[in-house]
Structure formats: C-alpha cells, structure tokens
Amino acid sequence: MDIDQFLELTKKRRTIRRFNPDPIPDGCIEKILEAARFAQSGGNAQPWEFIVVKNPETKNRIVELIAEAHKYNWDIEKTRVEELRHPAYRGEGRQGEPTVTFKDAPVFIVVCGDPRRVQATVIAAHFIIHEGGPQAHFLKNIGNATQIIHLAAAACGLGSQWVTVSSAIEARLKDLLDLPVEFAVHTIVPIGYPAYTPAPNYRRDLSEMVHYEKYDRTKYATGEDIYNYLLKLRNKTVPAYPYRKKV
C-alpha cells in the first residue's frame, strides 16, 4: 500500500450509526483484530483485550446500558443552548433519551485493557503528570488499537462506530462481560454493513491546522471564532445522527 492508497482508506473510514443486521463474512473480525494487535504502545506494553460479542441477549443488555448513559449525558447537555448541544441531543425527537441506533450491528467489539501491563513503559510516566495525566499512557495505548480497528473495518468494506463507555455504566458492563476488577473498559465498536449512505465527510482545511517551525498566530481562533465554528460544525454534523423519532 502506498501513501495515496492509505489516504483513500482514511477518507473511506466513516462513523456509521445504523447498521444492517446482515452477518459479516467469516474471518473479517479476526483480521480486524489481527491488525489492532499491532498498534503502538508505550514500552510495547500491549495492554489491550478485545471481547467479540455476537450473542443477541448480551448485545441488547449493552444497548440498554448505553441508553442509560445517554440519560446522564442529557442531564448535563441540556444546560447548553440548543444550537450548541451535541447533535445527539439537539432537535425534535433527540432530547432526553436519544435512540441507540447501532443495536442492529451483528458484532460488537468491546475494547478493554489491563492497566498493569503499562508498567512496561518508563516508571516516571506513572508519577509525573505529562501528556494528559498519570493514566494517559494507558488511554493512548488503547486508543491506538481502537483507531486501527476502525481503519481495518473500513478496509473490509464495513462500517463502525466509536461508542464511549461512561464511568456511570462501566462497573455493570464489567459484570456483564465477567471482566477482572483490575481491567478498564474503554470503548465499544459496533461493526457491520451501513444501513444508509453517510453525508459527505467534513474536515477543516489542512492549511488551517498546519504550522511550520512555530505556531502561526495569524491562524489563532478567538473565542468568537470558536463559537462560530461550533455553530458551523453543528449544522454539518446534525444530519449525521439518523435518530428516529420516538412513537
């Protein structure tokens, strides 16, 4: 694969929020996870673990827990003015209890990990606050593996979604999946065939975010610039959330 092919893959990867229930061909998930295990990690710690969930009852319980987490999110999100709310909580039919739309994905990959393995990296990383805090190395390691899962799914012609696991439900999710107490649950990645055609991908122009030798102050965004950017962003991203109205 050359760089142009890789660029096409990164642009092909899209966040999908509704899936067809059609089964995934044999071997696809194994290849996706084979790619993920080669992710970068500090000291080659490889702290990740992957739980492949196909059982309908288990998937339904996971969906119930994520829906519960949405209620916690709404309690906080509703304090924003509506035009700046996250798209999942903005507009008719999206307030209070947004529908968990990934429920039909045939496979959920639960990305979790054992923080003890991160002892492989330099010990100072666990005591000195840098690059995001004392748990940053673990979270970055797991995030690296999760991103590769999404790219590998796109390479297989599949869609995927990055579903964050809230601390409000993590303990019950660990009980459901019989995870050891030391482990942490990071992300759930539903994978399957998209049930719709996603809207065109929006990204800031490269020229806005690249600086040479030092930060270019002419590109600095004021508070008002950020506010206007968020308004623009919301108008572009709201259509990407195909939540159905509750009846």
Exercise. What are the residues in the stretch 20-49 that are part of a helix (DSSP H, G or I) and over 18 Å from ASN144 (Cα atoms), if any?
Worked result: CYS28
Exercise. Only one residue in TYR241, TYR193 is at pLDDT below 95 and under 30 Å from TRP48 (Cβ atoms). Which one?
Worked result: TYR241
Problem set entry | the stretch 206-238, subset under 27 Å from VAL165 (Cα atoms) and among the basic types (Lys, Arg), residue modelled with the highest pLDDT | ARG234
Exercise. Does LEU179 fit the bill of being surrounded by 13 or more Cβ atoms within 10 Å (Cβ to Cβ) and either more than 17 Å from the chain's Cα centre (by Cα) or basic (Lys, Arg) (or both)?
Worked result: yes
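Within the stretch 194-205, can one find any residue that is within 29 Å of TYR72 (Cβ to Cβ), hydrophobic (A, V, I, L, M, F, W, C) and touching a helix residue (DSSP H, G or I) at 6+ places or on another chain (Cβ under 8 Å)?
yes
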Exercise. Filtering the stretch 140-161 down to residues that are more than 15 Å from PHE50 (Cα to Cα) and more than 10 Å from the chain's Cα centre (by Cα), which residue is surrounded by the most Cβ atoms within 10 Å (Cβ to Cβ)?
Worked result: GLY159
Exercise. If ALA168 satisfies every condition in (1) within 15 Å of the chain's Cα centre (by Cα); (2) surrounded by fewer than 17 Cβ atoms within 10 Å (Cβ to Cβ) but one, which is the exception?
Worked result: (1)
Exercise. Between residues in the stretch 185-205 that are over 16 Å from VAL63 (Cα atoms) and residues that are part of a strand (DSSP E or B) and polar (S, T, N, Q), which pairs lie under 8 Å by C-beta distance while being six or more apart or on different chains?
Worked result: TYR193/ASN20; PRO194/ASN20; ALA195/ASN20; PRO198/THR15
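Before we move on, is GLU77 surrounded by 13 or more Cβ atoms within 10 Å (Cβ to Cβ), over 25 Å from ASP175 (Cβ atoms) and modelled with pLDDT under 90?
Numbers: surrounded by 13 or more Cβ atoms within 10 Å (Cβ to Cβ): yes; over 25 Å from ASP175 (Cβ atoms): yes; modelled with pLDDT under 90: yes.
Taking the combined requirement at face value, the residue satisfies it.
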Seminar exercise, completed: Apart from one, (1) part of a loop (DSSP other than H, G, I, E, B); (2) modelled with pLDDT of 95 or more; (3) buried (at least 19 other Cβ atoms within 10 Å of the Cβ) all hold for ARG17; the odd one out is (2)
Seminar exercise, completed: All-but-one check, VAL52 against (1) farther than 30 Å from GLN119 by Cβ; (2) in contact (Cβ under 8 Å) with a residue 24 or more places away in the chain; (3) not charged (D, E, K, R), failing number (1)
For this session: Test each condition in (1) of a type outside the set (S, T, N, Q); (2) part of a loop (DSSP other than H, G, I, E, B); (3) surrounded by 13 or more Cβ atoms within 10 Å (Cβ to Cβ); (4) modelled with pLDDT under 95 for ARG203 and report the one that comes out false.
Result: (3)
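Quick test for you: out of LEU139, LEU84, pick the one residue that is at pLDDT 90 or above and at negative phi. It would help to see each step written out before you state the result.
Numbers: LEU84 fails: at pLDDT 90 or above.
Sole residue among the options that is at pLDDT 90 or above and at negative phi: LEU139.
The values are calculated or read from the model by the stated rules, or taken from the named source; none is laboratory data. Bear in mind that the values here come from a model prediction, so they are computed numbers and not experimental data. Cβ coordinates were reconstructed from backbone atoms using ideal geometry, including for glycine residues, and neighbour counts include every protein chain displayed.
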